[in-house]
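Asker: First the structure, which I've put down as structure tokens, then a few questions once you've had a look.
The values are calculated or read from the model by the stated rules, or taken from the named source; none is laboratory data. Please read all numbers here as calculations on a predicted model, not as lab measurements. Because the Cβ atoms are built from the backbone with ideal geometry, glycine has one as well, and the counts that use them run over all protein chains shown.
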Amino acid sequence: MASQKSDTGKPESSTDAMMGLVSKMLAAITVILTTLFFAASFGVGPIGLMQTLKGLAIVLVPMLALCALAAIFLAPKAGAQAEAHTAKITALSEFQSKVASQILALQNQLDALSGQDIKALKARNAELQAELDAIHQLERDKVDGEIEALRKRNEELEEQIKKWAFEAVGKNVAGQPVQPMKAA
């Protein structure tokens, strides 16, 4: 994201970050040059720093001044980073709240749709259950009817068997030949 809008409405660009980096590098160069000049002026160590810097001083002294001034003037505002972080936190909070509200809206929509589906499924389930109960009742009635018909047929056959048995016993006692019973 090259530029984001802060709470002031101005886009933050990468040039602000670049200027901060340049300012820090100039400050570091200033510190190094200052250290060299102090070391040369006090004659620290036998390295002959004074003799070496004597010829370069005409370039290094103005360079020290320019680096120090540039580091001061190119430095970002004191509260700019804090404002940038605050703006980013605010934008992130707003984004989170928007996402949360969209998720809740979607969840409510899904609940509403599934609620309608559940009602339709329950109604269809009740219809199918009623049809199934009707089919079961028809089958029970059919089976009960067949059982009743078989019971009547059984009673008729028992009656025929009893009648044949009495006749056969009576004929057998009378000495007459008994005819076998015919299958019904």
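Asker: Within the bounds of region 64-76, is there any residue that is in contact (Cβ under 8 Å) with a residue 12 or more places away in the chain and either loosely packed, with under 10 Cβ neighbours inside 10 Å or charged (D, E, K, R) (or both)?
Answerer: Looking through region 64-76, none of the residues is in contact (Cβ under 8 Å) with a residue 12 or more places away in the chain and either loosely packed, with under 10 Cβ neighbours inside 10 Å or charged (D, E, K, R) (or both).
Asker: Report yes if MET19 is surrounded by 12 or more Cβ atoms within 10 Å (Cβ to Cβ), at pLDDT below 85 and either assigned to a helix (DSSP H, G or I) or aromatic (Phe, Trp, Tyr) (or both), otherwise no.
Answerer: The answer is yes for MET19.
Asker: Separate question: Give me the pairs: first residue in region 90-104 and modelled with pLDDT under 95, second residue outside any helix (DSSP H, G or I) and among the acidic types (Asp, Glu), beta-carbon distance under 6 Å, and six or more apart or on different chains, which are they?
Answerer: Pairs that qualify, where the first residue is modelled with pLDDT under 95 and the partner is outside any helix (DSSP H, G or I) and among the acidic types (Asp, Glu), are THR90/ASP7.
Each row is one residue, and each column tells you yes or no for (1) within 30 Å of MET18 (Cβ to Cβ); (2) of a type outside the set (Gly, Ala, Ser); (3) in a helix (DSSP H, G or I).
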residue	(1), (2), (3)
PHE38	no, yes, yes
THR52	no, yes, yes
VAL61	yes, yes, yes
ALA70	yes, no, yes
PRO76	yes, yes, no
LEU104	no, yes, yes
SER114	no, no, yes
ILE118	no, yes, yes
